[in-house]
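Encoded as structure tokens, the structure appears first; notes follow it.
What follows draws every value from the coordinates through simple rules; no lab data is involved. All of these numbers come straight from a predicted model, not from anything done at the bench. Neighbour counts run over all protein chains shown; Cβ positions are idealised from the backbone, glycine included.
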Amino acid sequence: MQFQTILIPLFIAFCVAAVQCKDDVPTIAVAYVEGSGGKVKGNITFTQAACGQNVLIRVYVTGLSKGLHGFHVHEKGDLTNGCASTGGHFNPDKVNHGAPADNVRHVGDLGNIKANDDGIVDTTFHDAIINLSGEFSIIGRGLVIHEGEDDLGKGGNSDSLKTGNAGNRAACGVIGINQLGNGSVSVMAGSWKIVAILCSLLLLRKMM
Ligand SMILES: [Cu+2]
Ligand SMILES: [Zn+2]
């Protein structure tokens, strides 16, 4: 048997193994939110697989007025003086406020959630920017639901680019740990990608 006939399948197997993410324990964070009168309350759960995937956001809130409500991660997980203590939007890049899908947005800009006729929000969506580990982790920060609609930075005034003019804070909570995944795996996944690219290049050279 030729050396190459063994080496090429070995290379392929190694490359495939290297690009695959480890099947790992997801990180789960949860925030119990409540308004000052106790009328608005609910739970928001954030789930992220270890391989730096989008964060799945599960929202169940009751007691809101019908319609759209600004929904943000705020800088501080501090409820000392109620929702006011959570500070401004979580914005580590010091950029303008925007919509969840915008290239320029605060990390904490999760747009709006929509309450039905009964004032209930029961929804699930994904976000590509927030993280449950590393530099932009939202764990330990505040979660705020506003009384009004977030104009997503399109309001045409200076406040729109800071807050989205979403108005008063209807409810808030602190984002805490429910379950920690293996955060180091996402770092490993990053370096394994480089190994995979290098071995793919080597493989290509062998085949030429
Ligand atoms: Cu807010
Ligand atoms: Zn914002």
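In what order do ILE145, ILE57, ILE44 fall by count of nearby beta-carbon atoms within 10 Å, going from fewest to most? Ranking ILE145, ILE57, ILE44 by Cβ neighbours within 10 Å, fewest first, gives ILE57, ILE44, ILE145.
The packing ranking of peptides 168-175, 134-141, highest mean first, is 168-175, 134-141, where packing means the average number of other beta carbon atoms within 10 angstrom of each residue.
Show me the trypsin sites (Lys or Arg not before Pro) within the range 24-79 that DSSP assigns to loop and that have at most 16 other Cβ atoms within 10 Å of their Cβ. Taking the range 24-79 and a limit of 16 other Cβ atoms within 10 Å, the loop trypsin sites (Lys or Arg not before Pro) found are LYS39, LYS66, LYS76.
Using a cut-off of 23 Å between Cα atoms, the listed pairs LYS114/LYS162; LYS66/LYS94; LYS39/LYS154; LYS76/LYS162 include LYS66/LYS94; LYS39/LYS154 as exceeding that distance. Compactness check for the range 85-183: Cα Rg over 2.2 N^0.38 Å is 1.10.
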